[in-house]
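The block underneath contains the structure these notes are about, expressed in structure tokens.
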Amino acid sequence: MQNLAKSSEEENGKQANLEFWKVNAAINIGFCQIELWELDAAMEIFVKLKKSREEMGINGCAIDVGFAFLNSCVGVKKEGENLTQRCST
């Protein structure tokens with residue numbers, strides 16, 4: 001898929017679409033890991049997603065929700081509250 005997305009300049013939209021699907025897949029994997037209570041692995045994914053969001057300009061409340069839940073699980077409740085408030089506005 002990556003080769004297809006990069007095959008020509010007139011298909012730049014495919015690269016953006018591929019990035020969208022990669023981000024969504026990572027979000028889903030992160031939530032699956034939360035469900036399995038693999039919090040360290042999920043935290044790694046959501047930290048990477050947060051950095052990617054800032055670099056790529058992704059607007060993703062799902063990233064904030066997952067990150068907020070993980071922060072509340074590890075005792076950083078204030079950070080979790082801040083993330084959920086930002087997403088709800």
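In this simple spin-label approximation, Asn28 and Lys48 carry label points 7 Å from Cα along the Cα→Cβ vector, and these lie 1.7 nm apart.
Could you compute the net charge surrounding Phe31? Neighbours are other residues with a C-beta less than 14 Å from the C-beta of Phe31; K and R count +1, D and E count -1. Neighbour charge sum, excluding Phe31 itself: -4. With a 1.4 Å probe rolled over the protein heavy atoms of all chains, the accessible area of Leu49, Leu39 falls in the order Leu39, Leu49, largest first.
The values are calculated or read from the model by the stated rules, or taken from the named source; none is laboratory data. Since the structure is predicted, the reported quantities are computational estimates derived from the model, not experimental observations. Cβ coordinates were reconstructed from backbone atoms using ideal geometry, including for glycine residues, and neighbour counts include every protein chain displayed. The protein model used for the area step is the full one, side chains on, heavy atoms only, and it has no ligands, DNA or RNA in it. Shrake-Rupley method; radii C 1.70, N 1.55, O 1.52, S 1.80 Å.
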